[in-house]
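Worksheet: one structure, shown below.
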Amino acid sequence: MRIDWISLRWAATLSIAVGLLAACKQKPSAPPPQVPEVGVVAVQPQTVPVTIELPGRTSAYLVAEVRARVDGIVQSREFKEGSEVKAGQLLYKIDPAYYSAQLDNAKAGLMKAQANLIAANAQIARYKKLIKAHAISRQDYDNAVATHAQAKAEVAAGKALVKTAQINLDYTSVVSPISGRIGKSFVTKGAYVQANQATLLAIVQKFDPIYVDVAQASTELLRLRRELAQSEQKTSDNTVKASLTLEDGTRYPLQGKLQFSDITVDPTTGTIGLRALFANPKQELLPGMFVRAHLEEGVNQTLTVPQVGVTHDAKGQPVALIVDAENKVTPRTLVTVRTFKDQWLVASGLQAGDKVIVEGLQKVQPGMTVKAVPAAVANNPTTIKKASAPDTTSGTEV
């Protein structure tokens with residue numbers, strides 16, 4: 001029997017083609033959809049200081065302008081510019097010759113008045129005896145009494161002139177009225193100074209301690225007072241703590257306290273002046289420096305959420321995405337108060353225990369089912385754990 005090899009070859013080829021066609025028509029099974037994983041933070045009430053940050057400038061605790069109080073030529077300057085001086089230390093010497101002569105003249109006039117008083121005392125003593133014996137007239141006795149009173153007045157006037165002359169002579173030695181650091185000298189040896197023009201000689205300033213003057217908007221003051229009314233804890237002595245950030249961004253190591261708040265609002269700026277006092281033993285703070293003051297009056301318990309977990313919608317309202325009990329993504333519109341460190345303080349929109357998504361926000365949409373895991377931000381040391389001094393790295397703290 002003869003085999004038809006050609007027919008067998010075509011039959012085999014056709015069988016392979018049919019098998020391949022059947023394989024192409026068979027659809028592969030799709031993998032099950034994966035649930036996206038997101039990092040969440042469970043929001044809880046935190047202890048947050050009631051704090052306000054304000055720009056300000058330093059000013060000296062004491063400022064004394066050393067001025068001429070008598071006319072004359074400056075004979076010498078007895079200090080080094082920029083040095084520390086003590087109260088009563090000699091700063092300038094003005095030519096005392098004229099005032100020394102005035103003092104001598106006043107003393108001579110006093111001696112003359114005292115001599116006249118001695119004579120008037122002797123005369124009145126004699127006239128007292130004579131008037132009793134009716135040896136002189138009443139008019140003579142009255143004249144003697146008047147002469148005696150006039151002599152006493154001349155002595156008093158003479159003493160006053162001596163005192164005035166002595167004061168003017170003392171003013172030729174110009175001394176520092178306070179202890180502090182003296183600046184540059186505005187006059188040199190040989191300069192003529194005048195009392196009626198109150199010639200400025202130098203300025204002495206004391207800046208340990210030192211003041212920090214700031215201006216606070218009246219609207220911010222009202223907000224701060226509302227927060228303080230709700231504050232659960234205040235300082236034991238009702239003082240307001242203060243800290244400083246210097247011009248270069250570094251923190252001043254010493255803490256100060258608020259001294260006073262002005263009683264009126266500046267109508268041109270709508271601000272109220274505040275003044276804080278800081279110790280300045282190393283004189284790191286100089287008058288006129290720009291600083292940022294942080295005033296802390298109490299602490300509050302409030303909900304906080306990391307800033308990375310808050311976005312804004314088309315209307316500009318802050319929004320957070322939370323994972324609900326069914327592991328679905330739900331948006332929440334928030335009402336925020338302010339920032340503290342890396343957190344938003346939330347007035348409403350969240351409840352304690354809500355799981356706010358802070359990692360993987362770009363992978364989810366509202367309504368999606370997700371797998372929630374604790375976020376790494378929860379272990380971030382900058383997250384608020386207790387009341388502490390405000391972080392100056394955030395310029396949004398108010």
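We did not get these values from a lab; they are worked out from the coordinates using the rules stated. None of the values given here were measured: they were computed from a predicted structure. Glycine gets a Cβ as well: all are built from the backbone with ideal geometry, and neighbour counts include every protein chain shown.
The stretch between ALA115 and GLN362 holds 78.2 nm of extra length on full extension. This uses 0.36 nm per residue minus the Cα-Cα distance. Prolate is the label for the range 111-174, because the ratio a/c of its alpha-carbon gyration tensor axes (a ≥ b ≥ c) is 1.5 or higher and a/b is greater than b/c. Note on VAL373 and ILE136: their simple-model spin labels are 12.2 nm apart, each label 7 Å out from Cα toward Cβ. Spin-label model, GLN255/ASP324: points 7 Å from Cα along the beta carbon direction are separated by 4.5 nm. Global size of the range 61-136: 25.1, 78 Å for Rg and Dmax (C-alpha atoms, Rg to one decimal, Dmax whole). Shown here for the range 80-189: trypsin sites (Lys or Arg not before Pro) in loop regions (DSSP other than H, G, I, E, B) with at most 14 other Cβ atoms within 10 Å, namely LYS80, LYS86, LYS184, LYS189. Per residue, the convex hull around the alpha carbon atoms of the range 142-204 comes to 118 Å³. Summing charges over neighbours of THR369, with a neighbour being any other residue whose Cβ is under 15 Å away from its Cβ, gives +1 when K and R count +1 and D and E count -1.
Rounded to the nearest whole Hz, the Karplus-based 3J(HN,Hα) values (6.51 cos²θ - 1.76 cosθ + 1.60, θ = phi - 60°) of the range 343-360 follow the sequence 10, 9, 8, 9, 8, 7, x, 10, 10, 4, x, 4, 9, 8, 6, 10, 10, x, with x at glycine and proline.
Gain on full extension, evaluated as 0.36 nm per residue between ASP104 and LYS282 minus their Cα-Cα distance, stands at 59.2 nm. Within the range 294-350, the GluC sites (Glu not before Pro) that combine a DSSP coil assignment with at most 13 other C-beta atoms in a 10 angstrom radius are GLU326. The alpha carbon centroids of the range 360-377 and the range 75-90 are separated by 71 Å. Which of the lysines could a cross-linker span from LYS355 if the Cα-Cα distance has to be under 18 Å and same-chain partners fewer than 8 positions apart are dropped? Those lysines meeting the cut-off are LYS328, LYS363, LYS371, LYS385. The HN-Hα couplings worked out from phi for the range 268-273 by the Karplus form 6.51 cos²θ - 1.76 cosθ + 1.60 (θ = phi - 60°) are 7, 10, x, 10, 10, x Hz, whole numbers, x standing for Gly and Pro.
Looking at the range 88-233, the pairs of alpha carbons with a distance over 23 Å make up 67% of the total.
Tally Lys and Arg at +1 and Asp and Glu at -1 over the other residues with C-beta under 14 Å from the C-beta of VAL193: what net charge comes out?
Computed value for this residue: +2.
For the range 267-349, the orientation-averaged shadow of the C-alpha convex hull comes to 10.2 nm² (one quarter of the hull surface).
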